[in-house]
Amino acid sequence: LVVVIVCQVDLIAATVTAGQADPAALTTVAPAEAWFKPRTPTPTATLSVEALLTAVHSAVGTPEAPQSPEVATSLDATYENPDGFFGLDYPSSWSLSPRGGALVSPTDGAGLSMAIEIKAVNAETLAERYVEWYAAQVDDYWETDRRAGVVSGYPAQWVEQSFSVDGVAHHGVMAAIVRNRVGFVFAGWVPTTSPASLESTLRAMIQSVRIVEFAAAPPYSDWLTYETPHLTFHYLPDTWIDAAIEDIAAQHEQAFNDNVDYLDVEYDGLIDVYIYASEESFFRATARDAGFAINEFSEVHTRWFAENDHQTPGHEITHVITFHTMGEPSEALLGEGVAVWLDHGGNDYHRRCADLARSDRLVPLAELLGDGWDGSAAAYYEAGSFTGFLLERYGLDRFKDVYTAPDLPAALKRVYRASLTTLETKWLTALQ
Ligand SMILES: [Zn+2]
């Protein structure tokens, strides 16, 4: 399966550009920078949120207001998300933006973008993330109202917005919806000079949204749970996991206890562990194809497809443990490194790196810093082995001292009295 994560920045850039230009411009997309501007300070002038709220509501009604039949029947075309996650109706006079993921009205500058977000835990958090994003991208941003609503049977957050793009004032409406860990964000905008019916059309489009249910990933409320002292497991009934949960849970609980001891940290959990029995189940619940942790919510999602095809029990929960006790790592080299080193997968990462070294396939550690982290298998092995070397040779305290340091090479010199290159040489020598 190919995971397509719609990039919100691209979408908005594409659609705002397209919506304001003549139809010929629909075939070309200006770079995002062309309309990005730093946010201007919130004006202190006569405009008040209350006044805006009143104006917006008297013009378009509240989100719960029933749509007039006239508007509803104007939605005579259907859009289906290419990955099958959702569908919605729209007026056939509108067109799909060149990059997909947004519908635009070619004549009046209105548009509706549709984005899928990963790691979405609830509609409130998702809405907040997007509000912050909008506020940073456009001018004169005002959130004029926010309330809970329902879209396609799912709890949603409705946000009313007003902002300007290239000096043109807009009204906007946004709906954030979360199904399992897939977030859906529908954001519509119309120039304030447009007729109020345009904004009603946007609302009707969002209210026509159909979030698709998948047999392989029903709502989490239908999943079974199994608890150990520090972990709560979530998995589907009638899968091989259902039959093996006691053993799988015991492996994870063991990894949790060992790692808290090893790192000498105080952390009681509780971590929610979502275990997926198939690629399809994983993708439909998360829109992802690789295991991950949502540290802030103490959650991990792991692939456990068969007895001989699964992630390690320790990797993702180590991310959560370290996040809550040691902080955010400044470099993936150490953040992934500690998760690999403590993954309880029975792998000898020192030996794997010795093999890589013999065939001259080791990437210099300095090249894995910052954006150089490429997520390759070699990068993970090296991170795990190098982290293990630091911990075994020099102990925990020094490792914790450099773990969150913004400038890792400088921190290594200060704490280990050695440069990254020197430590790397010692590590490679120890591997032999
Ligand atoms: Zn990781």
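Some points to look at:
- If the condition is being under 20 Å from the mean Cα position of the chain (by Cα) and at pLDDT below 95, then region 304-333 contributes no residue at all.
Condition check ((1) at pLDDT below 90; (2) assigned to a strand (DSSP E or B); (3) farther than 22 Å from residue 218 by Cα; (4) in contact with a helix residue (DSSP H, G or I) (Cβ under 9 Å, 6 or more places away or on another chain)) across all residues:
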{"residue": "129", "(1), (2), (3), (4)": "no, no, yes, no"}
{"residue": "135", "(1), (2), (3), (4)": "no, no, yes, no"}
{"residue": "142", "(1), (2), (3), (4)": "no, yes, yes, yes"}
{"residue": "169", "(1), (2), (3), (4)": "no, yes, yes, no"}
{"residue": "172", "(1), (2), (3), (4)": "no, yes, yes, yes"}
{"residue": "183", "(1), (2), (3), (4)": "no, yes, no, yes"}
{"residue": "187", "(1), (2), (3), (4)": "no, yes, yes, yes"}
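For (1) touching a residue at least 40 places away in the same chain (Cβ under 8 Å); (2) more than 13 Å from residue 263 (Cα to Cα); (3) surrounded by fewer than 19 Cβ atoms within 10 Å (Cβ to Cβ); (4) not charged (D, E, K, R), each residue gets a yes or a no:
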{"site": "330", "(1), (2), (3), (4)": "yes, yes, yes, yes"}
{"site": "354", "(1), (2), (3), (4)": "yes, yes, yes, yes"}
{"site": "369", "(1), (2), (3), (4)": "yes, yes, yes, yes"}
{"site": "381", "(1), (2), (3), (4)": "yes, yes, no, yes"}
{"site": "398", "(1), (2), (3), (4)": "no, no, yes, no"}
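- Close pairs (7 angstrom Cβ cut-off, 6 or more residues apart or separate chains): free of Cβ contacts under 8 Å to residues at least 40 places away in the same chain in region 217-235, assigned to a helix (DSSP H, G or I) anywhere: 224/242; 226/245; 226/249; 228/249; 228/253
- Unmet requirement for residue 110, which otherwise passes all of (1) in contact (Cβ under 8 Å) with a residue 40 or more places away in the chain; (2) of a type in the set (A, V, I, L, M); (3) over 17 Å from residue 171 (Cα atoms): (3)
- Restricting region 354-384 to residues that are closer than 18 Å to residue 421 by Cα and part of a loop (DSSP other than H, G, I, E, B), the residue that is farthest from the ligand (Cβ to nearest atom): 360
- Residues in region 278-306 that are polar (S, T, N, Q) and either in contact (Cβ under 8 Å) with a residue 60 or more places away in the chain or closer than 21 Å to residue 115 by Cβ (or both): 278, 281, 286.
- The one condition in (1) in contact with a Ser or Thr (Cβ under 9 Å, 6 or more places away or on another chain); (2) closer than 15 Å to residue 233 by Cα that residue 315 fails to fulfil: (2)
- Put simply, of 316, 307, 336 the only residue that is of a type outside the set (S, T, N, Q), under 30 Å from residue 284 (Cβ atoms) and surrounded by fewer than 19 Cβ atoms within 10 Å (Cβ to Cβ) is 307.
- Residues that are under 20 Å from the mean Cα position of the chain (by Cα), surrounded by fewer than 22 Cβ atoms within 10 Å (Cβ to Cβ) and on the phi < 0 side of the Ramachandran plot within region 88-125 comprise 115, 116, 117, 118, 121, 122, 124, 125, listed in sequence order.
- Strands (runs of 3 or more DSSP E) wholly inside region 243-353 that include at least 2 residues being within 14 Å of the ligand (Cβ to nearest atom): 292-294, 299-306
The values are calculated or read from the model by the stated rules, or taken from the named source; none is laboratory data. Since the model is a prediction, treat every value here as computed from it, not as a measurement. Reconstructed Cβ throughout: ideal geometry from the backbone, glycine too, with neighbour counts over all protein chains shown.
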